[in-house]
1. Could you quote the convex hull projected area for the range 251-436, Cα atoms only and averaged over all directions, in nm²?
2. Using only C-alpha positions, report the orientation-averaged shadow area of the convex hull of the range 147-214, nm², one decimal.
3. Under 18 Å Cα to Cα from K202, which aspartates and glutamates show up? Leave out anything in the same chain fewer than 8 places away.
4. State the Cα centre-to-centre distance between the range 119-189 and the range 264-325 in whole Å.
5. With charges set only on the Cβ (+1 for Lys and Arg, -1 for Asp and Glu), what does the dipole of the range 52-147 come to about its Cα centre, in debye to the nearest 20?
6. Kindly rank 385-394, 63-72, 203-212 from highest to lowest mean number of other beta carbons found within 10 Å of each residue.
7. Using every alpha carbon pair in the range 376-474, what percent of pairs falls into each 5 Å bin from 0 up to the bin containing the largest distance?
8. Under 21 Å between alpha carbons, and skipping anything fewer than 8 positions from K389 in its own chain: which lysines qualify?
Amino acid sequence: MREYLKFYIDGKWVDPAEPKTAEVINPATEEVSGTISLGSKADVDKAVAAARKAFPGWSATSVKERLDLLKAIQAEYANRQEELGKAVTEEMGAPISLGCGFHTGLGAGHLQTAIEVLENYKFEEQRGPTLIVKEAIGVCGLITPWNWPLNQVTVKMFPALATGNTMVLKPPQLAPYSAQILAEIMDKAGVPAGVFNMVQGKGSEIGTALSRHEDVDMISFTGSEPVGAQIMKDAADTIKRVGLELGGKSAWIVLDDSKLAEHVGGATSNMMVNSGQTCSAGSRLLVPESRLDEAVEVAKQAAQAVTVGDPNGNFAMGPVVSKDQYNTVQDYIRKGLDEGAKLVAGGPGRPAGLEKGWYVQPTVFLGTNDMVIAREEIFGPVLVMIPYKDLDDAVEIANDSMFGLGGYVSGEDVATVNQISRKLRTGAVWINGGFDFHAPFGGYKRSGNGREWGEYGFDEYLEVKSLIGYAEAE
Ligand code: NAD
């Protein structure tokens, strides 16, 4: 049983201002796996004050000093990587191979990327008579979701740190363990007091207190669209910068060529990774109408081949994160049936033989783009296949969404896949399975306004100052 009752503020582990706790539930067993403290505005005030006090010193450090610290964190992260992976599995139900694999790998990747970017980043540039200087924005509030808990914290925390900012992290209440271990890593690595602070608790209390805080200069938020909108409203009175990474309903376009079956199979199993709880998941699979029967059969086989079970066993998919999430996903599956989508694989209820734990069947529908299941983010292992007539039709369907986070194009003809990728109105397009830690990540439309990952992730945390008429001193 885990017990994390203290917050990390001003370089120390401290008790909350008022004692209040919440149980954390293991989604695979429905049993309590531990207890955390729930903070209040008083804890946020304390953490923000510590971050404010640390800002002048930390923002004045050299690139070398910040690189040394990032490398010390990297060594400590490597020591605790397996422990982090197990914590992710316990808190949100990812299979242990994923928890100790891609989940922790993403954290390590963002850390290494922050080091690489910092080594080369241009904080100053002379343009004619003007010196353009990029400076840390100040105290940052980092608010993160539970679905890729390490990824979302590290993709914010390391760029913020590398660019000279101080911060207060508010991890998700559903998945608080990996963040707690990350805070221990920061402490052990010697992050100066006040530079990094962490307060656990409810979004409506800690998140709101950060968003409205007079002394917080920026909020970086990853999570759902309604909460993103609320944060913008809460942050409006203090005109703070708000970076939003929100939801998606990304289309995966498979071209009509000899690899169609391979690509449909790959896209289907990809949808089920992390129980479909991925903001950029390709949850609408667009296939050529002329080969619909073949594509449907392949997707059916691929979904049925996804094994579901105990995250500590040898299964491809664990549960979804919570009872609420399970109920939401079940509602969408029922909605899909009600609105006339054809069930290809899976369906309502738990997979056979799993009576306990928030397990969902890997589900595939054949539907149309105007159905609710094709328009709203389900955030579970539910794929909607949609036929297209020709490539113009495929692009039109893909772009007919209020979201614009990601897109996928799979096909053999390079000129065609390139051309389609340019036409998608999304922040990223993955072409034939590409992956890059340095590629900017973020959304068009209702998927947000920020860009994280790599060099663009640094820009989020910097102010731009013009020194006009700046000349070298004699
Ligand atoms: P959520 O919006 O419910 O919560 C996210 C975080 O915000 C949590 O820490 C929560 O406690 C906090 N929060 C809740 N109410 C708040 C408020 N009023 N003010 C401030 N903070 C508040 O999202 P979730 O359910 O944890 O995560 C799932 C969502 O995140 C999905 O929509 C998914 O698409 C999105 N997501 C986006 C990206 C991306 O990079 N674009 C990545 C991962 C997840």
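Coordinate-derived values only; no laboratory data. As the structure is a computational prediction, the values presented were derived from the model and not from experiment. Please note: Cβ atoms are built from the backbone with ideal geometry, for glycine as well, and neighbour counts cover all protein chains shown.
1. On the way: hull surface 40.8 nm².
Computing the convex hull of the Cα atoms and averaging its projections yields 10.2 nm².
2. On the way: hull surface 19.1 nm².
Computed as one quarter of the Cα hull surface, the answer is 4.8 nm².
3. Partners within reach: E3, D15, E18, E23, D43, D45, E91, E225, D234, D324.
4. 32
5. Values: 10 positive and 12 negative charges, 68 e Å.
Once rounded to the nearest 20, the dipole reads 320 debye.
6. Those peptides, ordered most packed to least, come out 203-212, 385-394, 63-72.
7. Reading upward from the zero bin: 2, 10, 16, 19, 17, 12, 7, 5, 4, 3, 3, 2, 1, 0.
8. Straight-distance partners of K389: K249, K259, K342, K423.
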